[in-house]
Amino acid sequence: MEYDLTARQKEILEKFTERVADISKSDWDSHYLTKWLYARNFDIVKAEEMLRASVKYREKMRIDHILEEYEVPEVLGKYLIGGMCGRDKEGLPIRIEPFGNLDMKGIMKSVKKTDLEKIAIRNCEQLLRECQYQSKVQDKRIDGYTLIFDMANFSRKMLWRPGLSVYIANAEILQNNYPEMQKRMFIINAPKVFPILWKLAQPIISENTKRKMKVLGKNYKEELLKYIDEDQLPVFLGGTMTGPNGDPLCSHKICHGGEVPESYYLDDSVASKTADRATISPGNDLKIECEIESPGSILSWNFKTEHKDIGFGITVKPEGSTKEKELIPVSRVDSQVLEQDGNIICEQAGKFSNSEESQHCKSNAPVNHRPCLVM
């Protein structure tokens, strides 16, 4: 897709290019930069903030190396739904996600928070690599994909708040770092409870993305075939494509999820043996301080609560200052369900503190945490 810009938009693009020249990379052409402007409705200040934040995020997560360095946990390979399968009539890769078969609770009990973040990023990087390959094969620019979001088999148990929160949070991360990548999205087999899900997800979905979405019920085949040829659509979605031995699900390309066996669940008792233990009473907090002497150090954390969720945030008191600066605002985390882990790059020396608060709890919150790790 090539952008047809107005004279005013071309002027904004020229200024935007100048403003981000200090972080620009060799493959950042005008088409690439235009996507960031579209994502922020050509608000040049917001687009610049978005792009600079993404550059920092990519460095923090080592995204340029994630396809080679990140080892996908077996449970995600076997049970995390989705996969690339076929191309639409414009030549764009198609990603199919059988969301109704996702056991999010089982997944979250089997991996760390960063695994879910990294696998989502990894999937996007794979899509980018596929787009680059298809651009060469088709001799034209391919820089997006079509998503089919299948909600068949969806049940009310999937309205589990911690799972939805993680799914939506990851969607927001992808939206902020891969603008204009999704060209269209078909939500098929939408259940009666879809308005509830939409209410939860709508606040973080950009207006551009909303315009690309089509919500369909069970009679979706005719609509899909307007954009996708039959031989590029799996049989289970109304096409003619099959996998090995006539598999109508094309399981060799698409993971269809299913219930995660408990044998994959992380052993909390093992984690507890290597962690410090603390109990946070209602209305109180636990602060752990760490002195950072060298700018550029990496501060990591890891914790899990036994029964309750808690608030978590990080502050820094720079050297020579008496005031604390908020780095990660305190927010509620479902640490009783999913082991929380993460890291930040300390851009200055000083005293860093993480705060774990139980203002959300009505009873004591036992916490198993590992001391802050500095590298």
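Conditions (1) touching a Leu at 6+ places or on another chain (Cβ under 9 Å); (2) open to solvent by 80 Å² or more (accessible area, probe 1.4 Å); (3) on the phi > 0 side of the Ramachandran plot, marked per residue:
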| position | (1), (2), (3) |
| --- | --- |
| Pro203 | no, yes, no |
| Lys221 | yes, yes, no |
| Asp229 | no, no, no |
| Ser263 | no, yes, no |
| Ile292 | yes, no, no |
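For segment 131-142, a residue qualifies if it is open to solvent by less than 20 Å² (accessible area, probe 1.4 Å) and either touching a strand residue (DSSP E or B) at 6+ places or on another chain (Cβ under 6 Å) or in a loop (DSSP other than H, G, I, E, B) (or both), and exactly one does: Ile142. Filtering segment 300-326 to residues that are free of Cβ contacts under 8 Å to residues at least 24 places away in the same chain and either part of a strand (DSSP E or B) or touching a Ser or Thr at 6+ places or on another chain (Cβ under 8 Å) (or both) leaves Lys325, Glu326.
When the residues of segment 61-81 are filtered to those that are part of a loop (DSSP other than H, G, I, E, B) and either in contact (Cβ under 8 Å) with a residue 60 or more places away in the chain or touching a helix residue (DSSP H, G or I) at 6+ places or on another chain (Cβ under 8 Å) (or both), which remaining residue is surrounded by the most Cβ atoms within 10 Å (Cβ to Cβ)? Among residues in segment 61-81 that are part of a loop (DSSP other than H, G, I, E, B) and either in contact (Cβ under 8 Å) with a residue 60 or more places away in the chain or touching a helix residue (DSSP H, G or I) at 6+ places or on another chain (Cβ under 8 Å) (or both), the one surrounded by the most Cβ atoms within 10 Å (Cβ to Cβ) is Leu80. The lone criterion from (1) within 21 Å of Asn208 (Cα to Cα); (2) at pLDDT 95 or above left unmet by Met1 is number (2).
Could you grab me the full set of residues in segment 181-228 that are closer than 19 Å to Arg87 by Cβ and either of a type in the set (Gly, Ala, Ser) or in a loop (DSSP other than H, G, I, E, B) (or both)? Working first, answer last.
Taking segment 181-228 and keeping what is closer than 19 Å to Arg87 by Cβ, we get 181-186, 188, 212, 214, 220-221, 223-228.
Met181, Lys212, Tyr220, Leu225, Lys226, Tyr227, Ile228 - these are the residues of segment 181-228 that are closer than 19 Å to Arg87 by Cβ and either of a type in the set (Gly, Ala, Ser) or in a loop (DSSP other than H, G, I, E, B) (or both).
Filtering segment 1-23 to residues that are loosely packed, with under 15 Cβ neighbours inside 10 Å, of a type outside the set (D, E, K, R) and in a loop (DSSP other than H, G, I, E, B) leaves Met1, Tyr3, Thr6. Of the residues in segment 46-53, at least one is in contact (Cβ under 8 Å) with a residue 24 or more places away in the chain, touching a Lys or Arg at 6+ places or on another chain (Cβ under 6 Å) and over 21 Å from Ala171 (Cβ atoms).
Any residue in segment 110-120 that is part of a loop (DSSP other than H, G, I, E, B), under 25 Å from Glu74 (Cα atoms) and either open to solvent by 60 Å² or more (accessible area, probe 1.4 Å) or without any contact (Cβ under 8 Å) to a residue 12 or more places away in the chain (or both)? Yes: segment 110-120 contains one or more residues that are part of a loop (DSSP other than H, G, I, E, B), under 25 Å from Glu74 (Cα atoms) and either open to solvent by 60 Å² or more (accessible area, probe 1.4 Å) or without any contact (Cβ under 8 Å) to a residue 12 or more places away in the chain (or both).
Checked against (1) open to solvent by less than 30 Å² (accessible area, probe 1.4 Å); (2) modelled with pLDDT of 65 or more; (3) under 18 Å from Lys112 (Cβ atoms); (4) of a type in the set (A, V, I, L, M), Val367 passes all but a single condition, namely (2).
Evaluating Phe236 against the criteria (1) out of contact with any Leu (no Cβ under 6 Å at 6 or more places or on another chain); (2) open to solvent by 40 Å² or more (accessible area, probe 1.4 Å); (3) farther than 23 Å from Glu49 by Cβ; (4) among the hydrophobic types (A, V, I, L, M, F, W, C) leaves one unmet condition, (1). Scanning segment 143-159 for residues that are surrounded by 16 or more Cβ atoms within 10 Å (Cβ to Cβ) and part of a helix (DSSP H, G or I) yields one hit, Met158. For Val337, work out the one condition from (1) hydrophobic (A, V, I, L, M, F, W, C); (2) crowded, with 16+ Cβ neighbours inside 10 Å; (3) in a strand (DSSP E or B) it doesn't fulfil. For Val337, the failing item is (3).
Within segment 8-31, residues that are without any contact (Cβ under 8 Å) to a residue 12 or more places away in the chain have Cβ atoms under 8 Å from residues that are in a helix (DSSP H, G or I) in these pairs: Ser24/Thr17, counting only partners at least 6 apart in sequence or on another chain.
Quick check on segment 160-170. Is at least one of its residues part of a loop (DSSP other than H, G, I, E, B) and open to solvent by 30 Å² or more (accessible area, probe 1.4 Å)? Checked segment 160-170: at least one residue is part of a loop (DSSP other than H, G, I, E, B) and open to solvent by 30 Å² or more (accessible area, probe 1.4 Å). Put simply, of Pro191, Pro195 the only residue that is exposed (fewer than 15 other Cβ atoms within 10 Å of the Cβ) and out of contact with any Leu (no Cβ under 6 Å at 6 or more places or on another chain) is Pro195. Here segment 35-56 is the region considered, the condition is being part of a helix (DSSP H, G or I) and more than 22 Å from the chain's Cα centre (by Cα), and the residue that is nearest to Asp88 (Cα to Cα) is Ile44.
The values are calculated or read from the model by the stated rules, or taken from the named source; none is laboratory data. These figures come from a predicted structure and were not determined experimentally. Cβ coordinates were reconstructed from backbone atoms using ideal geometry, including for glycine residues, and neighbour counts include every protein chain displayed. Note: areas computed on protein heavy atoms with side chains; ligands, DNA, RNA excluded. Shrake-Rupley method; radii C 1.70, N 1.55, O 1.52, S 1.80 Å.
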